[in-house]
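The values are calculated or read from the model by the stated rules, or taken from the named source; none is laboratory data. A quick note: this is a predicted structure, and the numbers were derived from the prediction, not measured. Reconstructed Cβ throughout: ideal geometry from the backbone, glycine too, with neighbour counts over all protein chains shown.
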Amino acid sequence: MTAVGEPLVRTTFPLEEVREGRARVRVVGCGVCHTDLGYLFDGVKPRAPLPLALGHEISGVVEEAARGFEHLVGKAVIVPAVTPCGKCSDCEEGWGTICSAQEMPGNDVQGGFASHVDVLAHGLCEVGPASLESADVVENSGCTLAELSVVADAVTTPYQAMSRAKVREGDFVVVIGLGGVGGFAAQIASALGAKVVGFDLDAGRLELLGSHGVDLALDPTQNDARGWKKKLRAFAEENGCSPKRWKIFECSGSTAGQALAYGLLVHGAYLGVVGYTMGKLEVRLSNLMAFDAKAAGNWGCLPKHYPGALRLVLDGKVAVKPFVETFPLEEVQSVLDRVHAHELGKRAVLLP
């Protein structure tokens with residue numbers, strides 16, 4: 001990326017010596033996220049100077065690592081979308097998600113729309129031996145290593161959100177927005193034993209997720225929040241779930257989705273804000289008090305959660321294959337344009 005709104009330019013950067021605490025990863029696959037579109041099309045400013053390779057959903061093979069991380073050389077890995085420094089007071093107190101020195105490929109450093117990335121080594125999530133870079137399916141995931149790149153954000157971000165909400169067997173979970181992140185949020189909740197309701201405007205997504213974790217798939221335009229709350233309360237009771245303490249996850253990143261999520265609050269509810277929008281929403285904040293409910297944001301996912309999220313995929317409990325489509329890296333501009341125009345129904349993965 002050289003400028004906002006301008007076509008990407010193929011650029012050559014030297015492979016510098018691997019510094020202390022870092023590793024060089026040869027990219028096998030890199031997913032396309034709407035965050036990338038924000039930088040390229042909407043003027044969201046990355047922290048690193050341009051020119052900058054975008055891309056933060058990365059899988060690959062470690063080619064070189066600094067002292068103390070030599071055991072990673074030759075391993076297939078997933079690179080966390082955001083890696084905290086691990087040394088500051090925030091990190092030491094368990095608040096790595098707000099670490100001021102956290103590093104995100106395609107934002108703070110060169111990203112994964114490239115042949116190689118230079119990243120912090122301590123957060124890398126091992127998948128297996130380097131031989132996995134071939135077209136072989138990894139365990140029971142149905143995916144190649146390249147396709148598993150989307151675990152780095154689209155899967156782990158909702159995984160952390162579910163972990164924070166303590167989703168468990170018998171919970172009643174509502175996911176608003178079944179796109180790249182929300183679809184996996186629904187699957188994760190189902191894998192954890194929850195009864196799941198999913199909202200989306202796209203009929204195709206509703207149908208697909210109806211066979212991948214969503215017990216009740218709904219078009220939000222067919223009712224208002226009051227009507228949906230009544231319908232969901234009946235559905236919860238029919239399925240042995242409480243009419244209270246719902247766990248609601250807003251993943252659409254839209255003001256309409258946020259309004260619906262807030263409108264569905266019940267007593268003891270937990271509202272997880274996972275999607276992002278620049279739009280503003282007016283709500284009666286006192287509803288949180290009246291319902292004794294909680295609302296919490298969720299930024300990315302700590303590297304410590306990656307093995308758990310990956311295991312759900314490798315065990316076949318969360319399906320990735322039906323939701324991704326691969327393209328050669330040479331087609332990156334066309335792919336970004338198509339994602340921006342909402343012409344791709346699946347999450348794109350670029351192959352160097």
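Structure notes:
- Failed condition for D90, given (1) surrounded by fewer than 19 Cβ atoms within 10 Å (Cβ to Cβ); (2) touching a Pro at 6+ places or on another chain (Cβ under 9 Å); (3) under 18 Å from G21 (Cα atoms); (4) not aromatic (F, W, Y): (3)
- Screening G123, G128 for residues that are outside any loop (DSSP other than H, G, I, E, B) and out of contact with any Asp or Glu (no Cβ under 7 Å at 6 or more places or on another chain) leaves exactly one candidate, G128.
- Qualifying residues in region 257-287 (those that are in a loop (DSSP other than H, G, I, E, B) and hydroxyl-bearing (S, T, Y)) - the one surrounded by the fewest Cβ atoms within 10 Å (Cβ to Cβ): T277
- Counted residues, region 131-143 - those being surrounded by 23 or more Cβ atoms within 10 Å (Cβ to Cβ) and either assigned to a strand (DSSP E or B) or polar (S, T, N, Q) (or both): 1
- Check on A309, outside any loop (DSSP other than H, G, I, E, B) and of a type in the set (G, A, S): yes
- Checking T11 against (1) modelled with pLDDT of 95 or more; (2) of a type outside the set (D, E); (3) farther than 30 Å from D136 by Cβ; (4) in contact with a Ser or Thr (Cβ under 9 Å, 6 or more places away or on another chain), the condition it does not meet: (1)
- Among strands (runs of 3 or more DSSP E) entirely within region 168-256, having at least 1 residues that are surrounded by 15 or more Cβ atoms within 10 Å (Cβ to Cβ) and without any contact (Cβ under 8 Å) to a residue 24 or more places away in the chain singles out 195-199, 216-218.
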